[in-house]
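These notes are about the structure you will find just below.
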Amino acid sequence: MKLTFLGAAGTVTGSKYLLEDDNRKILIDCGLFQGRKELREMNWAEPPFNPADIDAILLTHAHIDHSGYIPKLVKEGFSGPIYCTEATADLCSILLPDSGYLQEEDAAAANRHGYSKHELALPLYTQEDAQIALDQLRPVEFGKRYGLPDSLLGFTMYRAGHILGAAFIRLDDGMTSILFSGDIGRLNSPVMKTPAKIQSADYLIVESTYGDRLHTTDDAVEDIGNIIKRTAARGGSVVIPAFAVGRTQEIMYYLFVLKQKRMIPDLPIFLDSPMAIRATDLLQRHPADHRLSPEICAGVSAIARYAQTTDESKAINTSMNVPKVIISASGMATGGRVLHHLKHYVVDQRNTILFAGYQADGTRGDKLVRGEKEISIHGQMWPVRAEIVQLHNMSAHADYAEIMTWLGHFNAPPRKTFVVHGEDIAAHAMRDRIAHTLKWDAHVPVHGETVEL
């Protein structure tokens, strides 16, 4: 087998790995690059393979940095099956068309306001392109081995605990095995089930998003409650940029707890993301993936007012001038409806912008939490006067201690461990920790590197 690292190598996003075995070419994950301009521009580069030559895609989970390049690949000629879990397929049916729609909207806005360097800004792919790609999804079960057509290769997916449907993927050809961690979930999440304990693999590709950091042990419920109370006390509102899948549902659960225990004022809560609304509904469709009872799921869904349409989204800021909580995508403030709320609320010192998790280098969220005093939105600069808060105890990614605990279940060291999906400092810190503590052979690959397995 031969493995080439085509994404999430030296950076967190763009997860994409090409595995070649005899004449078969398999992609594990097919994500979009996000964050800095030079990363985003990589989405437009010609792939270093013919999309029509790819036999299959195996998808660890539905987040756009792992799945968002699929419509582009299909558009360029990929026609094979896309294997994923049932919940991942359901989430992709929400996320991918929405991604296409947002890209169409961003291109239209760039043309309308003239802030594109191109004469005519075009989307990477359209909503229709994404809808077409969904026909190639092939849902599979956790824990069952599936053979790939015309190949000795087979794969098994195990629960990763990151978001609904998230999986570790273990491939083997009867002699050699290779395990892709995807994104490893928290070991003690109040919402998601615990990641499966994996005991063996000849080769391991492991994430390192938090490879140099530990999550705080602060109580997220208490932290969010205190932020809402102090903001409301000064007459302000709380805007929470949140990933529509995973993070939004966790925040909604915490707000449900706060409301139930009367720990915050009885102020209105808005969920302004059609994608997040649909993803929240999926909690009840996939009860085996999480810890919440049907009654709590119903309560979580009922605490917020849903803004489905553009007019309903606009009305949040124009028809109700009272303290409120607004949850809206995207989680790193790179696009989506949350940008319209940021323009409205970031300029007022009474308000709070609450980032509930990791902000990739170069994203708008990263710039805000680093303290920039002006922020560019839709081609215009906006003064930052609101309180900016980032919580470090809500990530859906395991921190380095949790990753080390998960690795500790292996019965024997892999022949080689490849550390990916982390900024350079985090990835090397994780590599050093694995090498020094576990005495494993660990390596941080660079983008485009190919290794023989």
* Structure fact -> Of Leu148, Leu164, the only residue that is in contact with an Asp or Glu (Cβ under 6 Å, 6 or more places away or on another chain), among the aliphatic types (A, V, I, L, M) and either in contact (Cβ under 8 Å) with a residue 24 or more places away in the chain or surrounded by fewer than 16 Cβ atoms within 10 Å (Cβ to Cβ) (or both) is Leu164
* Considering every residue within segment 184-206, establish whether at least one is surrounded by fewer than 19 Cβ atoms within 10 Å (Cβ to Cβ), outside the structural domain of Ile425 (by TED's automatic domain parsing) and not hydroxyl-bearing (Ser, Thr, Tyr). => no
* Among the residues of segment 78-97 satisfying the criterion of being free of Cβ contacts under 8 Å to residues at least 60 places away in the same chain and part of a helix (DSSP H, G or I), which is surrounded by the fewest Cβ atoms within 10 Å (Cβ to Cβ)? -> Ser93
* Asked: Applying the selection to segment 188-227, what residues are within 12 Å of Ala396 (Cβ to Cβ) and assigned to a loop (DSSP other than H, G, I, E, B)?
  -> Ser189, Pro190, Val191, Pro195, Thr209, His215
* Asked: Pairs, please: C-beta under 6 Å, at least 6 apart or cross-chain, first residue of a type in the set (Gly, Ala, Ser) and in segment 283-301, second crowded, with 16+ Cβ neighbours inside 10 Å?
  -> Gly299/Phe256; Ser301/Thr280
* What residue, among those in segment 186-213 that are of a type in the set (A, V, I, L, M, F, W, C) and closer than 23 Å to Pro445 by Cα, is nearest to the chain's Cα centre (by Cα)? -> Val206
* Asked: Name the residues in segment 105-132 that are at pLDDT 85 or above and farther than 17 Å from Asn43 by Cα, would you?
  -> Ala108, Glu128, Gln131, Ile132
* **All positions within segment 252-279 that are hydrophobic (A, V, I, L, M, F, W, C) and in a helix (DSSP H, G or I)** => Met252, Leu255, Phe256, Val257, Leu258, Met275, Ala276, Ile277, Ala279
* Structure fact -> If you go through Arg138, Arg170, Arg159, the only one that is surrounded by fewer than 17 Cβ atoms within 10 Å (Cβ to Cβ), in contact with a strand residue (DSSP E or B) (Cβ under 8 Å, 6 or more places away or on another chain) and at pLDDT 95 or above is Arg138
* Structure fact -> Of those in segment 364-420 that are without any contact (Cβ under 8 Å) to a residue 60 or more places away in the chain and among the β-branched types (Val, Ile, Thr), the residue farthest from Thr13 (Cα to Cα) is Val384
* Structure fact -> Only unsatisfied item for Gly143, checking (1) in a helix (DSSP H, G or I); (2) surrounded by fewer than 14 Cβ atoms within 10 Å (Cβ to Cβ); (3) modelled with pLDDT of 95 or more, is (1)
* Asked: What are the residues in segment 29-45 that are buried (at least 20 other Cβ atoms within 10 Å of the Cβ), free of Cβ contacts under 8 Å to residues at least 60 places away in the same chain and in a loop (DSSP other than H, G, I, E, B), if any?
  -> Gly31, Phe33
* Asked: If you go through segment 244-251 one residue at a time, do you hit one that is part of a loop (DSSP other than H, G, I, E, B), farther than 29 Å from Thr363 by Cα and either assigned by TED's automatic domain parsing to the domain that holds Ile277 or of a type in the set (Val, Ile, Thr) (or both)?
  -> no
* **Which listed residue is touching a Gly at 6+ places or on another chain (Cβ under 6 Å) and either among the acidic types (Asp, Glu) or closer than 23 Å to Asp223 by Cβ (or both), from Asp366, Asp424** => Asp424
* **Candidate set from segment 233-243 (those that are out of contact with any Leu (no Cβ under 6 Å at 6 or more places or on another chain) and touching a residue at least 40 places away in the same chain (Cβ under 8 Å)); member that is nearest to His397 (Cα to Cα)** => Phe243
* Which is surrounded by fewer than 18 Cβ atoms within 10 Å (Cβ to Cβ) and closer than 28 Å to Cys92 by Cβ, of Arg285, Arg350, Arg370? -> Arg285
* Structure fact -> Note on segment 1-28: residues in contact with an Asp or Glu (Cβ under 9 Å, 6 or more places away or on another chain), within 17 Å of Val446 (Cα to Cα) and in a strand (DSSP E or B) are Lys2, Leu3, Thr4, Phe5, Lys16, Tyr17
* Of all residues in segment 166-200, how many are touching a Pro at 6+ places or on another chain (Cβ under 9 Å) and either of a type in the set (Phe, Trp, Tyr) or at positive phi (or both)? -> 1
* Quick one: which helices (runs of 4 or more DSSP H) lie wholly within segment 282-357 and hold at least 3 residues that are touching a His at 6+ places or on another chain (Cβ under 9 Å)? => 310-318, 338-345
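The values are calculated or read from the model by the stated rules, or taken from the named source; none is laboratory data. All of these numbers come straight from a predicted model, not from anything done at the bench. Using ideal geometry, Cβ is built from the backbone for each residue, glycine included, and neighbour counts are taken over all protein chains shown.
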